[in-house]
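Report on the structure given below.
None of the figures in this text is laboratory data; all of them are computed from the coordinates on show. Just so it is clear, the model here is predicted, and its values are computed rather than measured. Quick reminder, even Gly has a Cβ in these numbers, built from the backbone with ideal geometry, and neighbours come from all protein chains shown.
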Amino acid sequence: MARLTACFVLSGILLLATGICSGNGQIVEEPFPTNPVTGCLQFRPDGHLPLTWPVPWVFEFLAKLPPLRIISKGDPSLSIAADDNGNVFLAKTNCSDLRQLWVQHFPYPGENRFALVNLAKEYEMRAPMILEDGPYPMKLGKYAPLDVPAYALWTQDTPLLCAGFYKIRSCYKDERLVLDGLHGNVHEGTVVGAYPADHSADNVLWKMEGFLSNHP
Ligand SMILES: *[C@@H]1O[C@H](CO)[C@@H](O)[C@H](O)[C@H]1NC(C)=O
């Protein structure tokens, strides 16, 4: 009996500590709220992300940055998305897809270098990083906002076109590296990497806009 009581007390404490528990003790992710009319993600009235999962408090400020999407000049109906495995690719713009949501974080005051942080994965903030030499595919890596390496930092080129698209340039070893639909591609599923492109073709031109731009 005593053991049973202790067990109940312990599960009570655990429940309090973690919020919602499922039968096997895993935390159940509450769905991110969507607008019942538009089906789009529903932000708080101040425009912030209502994170429905625990984030270490020191990182909460990231959820208060304006939610953005990154669209392609080659096909403005495509946005840069990230999957659970950390791959970065183009996807049809979808106003309810958290994987297309980015925040632009300038970690070093007074500098124009920024990281692109994706908050879609539970308990973890991730940013695209150039992790190897060669054709420079990117992977999302764990983001530590207080110590951001150059291979996760970018700058925005001066707008080139009336439509306001621009290159997003790496701050890694080779500053010719720009965010690029690899192999000249701009299609659903195109892998996005960094490439030393010396041209201004559509696959290297991007625009960051509000996540719900063109949506109610
Ligand atoms: C949009 O994204 C949501 C959430 O990931 C998904 O359930 C839905 O199927 C997507 N819609 C389309 C048209 O792909």
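Count the lysine pairs in the stretch 57-210 whose Cα atoms sit under 26 Å apart, keeping only pairs 8 or more residues apart in sequence or on different chains.
The number of close lysine pairs in the stretch 57-210 is 27.
Can you sort R69, R176, R113 by how many other beta carbons sit within 10 Å, fewest first?
R176, R113, R69
Would you please report the Å³ per residue occupied by the convex hull of the alpha carbon atoms in the stretch 116-216?
133 Å³
Kirkwood Rh, the stretch 48-123, all Cα pairs: how many Å?
Radius from the Kirkwood sum: 13.4 Å.
Using modelled amide H (1.01 Å from N, peptide plane; none on Pro or chain starts), what sits under 5 Å from the amide H of T34, excluding residues fewer than 5 places away?
Amide H neighbours of T34: Q42.
How high is the relative contact order of the stretch 57-210, in percent, counting Cα pairs under 8 Å that sit 6 or more residues apart?
The normalised contact order for the stretch 57-210 reaches 25 percent.
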